[in-house]
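The values are calculated or read from the model by the stated rules, or taken from the named source; none is laboratory data. Predicted, not measured: the structure shown is a model, and the values here were computed from it. Please note: Cβ atoms are built from the backbone with ideal geometry, for glycine as well, and neighbour counts cover all protein chains shown. Heads up: the accessible areas ignore ligands, DNA and RNA and are worked out on the full protein's heavy atoms, side chains in. Shrake-Rupley method; radii C 1.70, N 1.55, O 1.52, S 1.80 Å.
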Amino acid sequence: MLTDIAVNSHEMITVADARTSLLYQYDVGGELLAVFGGKGDTAGRFGNISSICYNTKDELLVLDAGSNSVQILRTTAFADAVHRGITLYRQGKYDRSLETFDSIAGMVSCYPAAQKSMANIYYKQKQYDRAMAEYREAGDREGYAAAFAAVRKDWLTDNFAWVTLAALAAAAAAVALT
């Protein structure tokens, strides 16, 4: 039961669920980045989220109708790095974005959104083998298939003469045997 949606300066979209008091954060492409909050009466937990918004410092303000209070949530170093990496990627600064996602991998060993972003960068840089490895780790079957298709296309392009000769030899052998 969605109650509200807010967008920060990095164009990260946060959605509030009134039923669970959870907050879902997505990038502009719809990739789920984080889920946080939940029911409760301690800091970072909510009784009944009625509204959310970002202030000029990119802090998330959560209006909790259950406790008649407003909580101000600040991003962690991890979330800041994720937002920075995604922003750099959207700006086409792939090398800097890759450095940022590498640092994220140092913070958390398995974070599919960072792995998928790294895979996308490797794909754009035509490093298809590395892209395939990252897509596999992220569980992105479509991305993996696209990178695999690119590897196959490159291999066929590089070996077209040999493939053609082998096909002709096989056809000639088949004709000779009949």
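Worth pointing out:
- For Ala174, the test of being of a type in the set (A, V, I, L, M, F, W, C), modelled with pLDDT of 90 or more and assigned to a helix (DSSP H, G or I) is failed.
- Of the residues making up region 152-164, not a single one is at pLDDT 90 or above, closer than 27 Å to Tyr24 by Cα and either of a type in the set (A, V, I, L, M, F, W, C) or more than 15 Å from the chain's Cα centre (by Cα) (or both).
- Filtered by the rule that a residue be open to solvent by 30 Å² or more (accessible area, probe 1.4 Å) and in a strand (DSSP E or B), region 36-58 gives Phe36, Lys39, Ser50, Ser51, Cys53, Tyr54.
- Scanning region 59-69 for residues that are of a type outside the set (Asp, Glu), open to solvent by less than 60 Å² (accessible area, probe 1.4 Å) and under 22 Å from Met12 (Cα atoms) returns Leu60, Leu61, Val62.
- Every residue from region 1-35 that is open to solvent by 40 Å² or more (accessible area, probe 1.4 Å) and within 14 Å of Ala113 (Cβ to Cβ): His10, Ile13, Tyr24, Tyr26, Val28, Gly29, Gly30, Glu31, Leu32, Val35
- Condition check for Ala81 on (1) among the hydrophobic types (A, V, I, L, M, F, W, C); (2) over 20 Å from Asn8 (Cβ atoms); (3) modelled with pLDDT of 90 or more: one failure, at (2).
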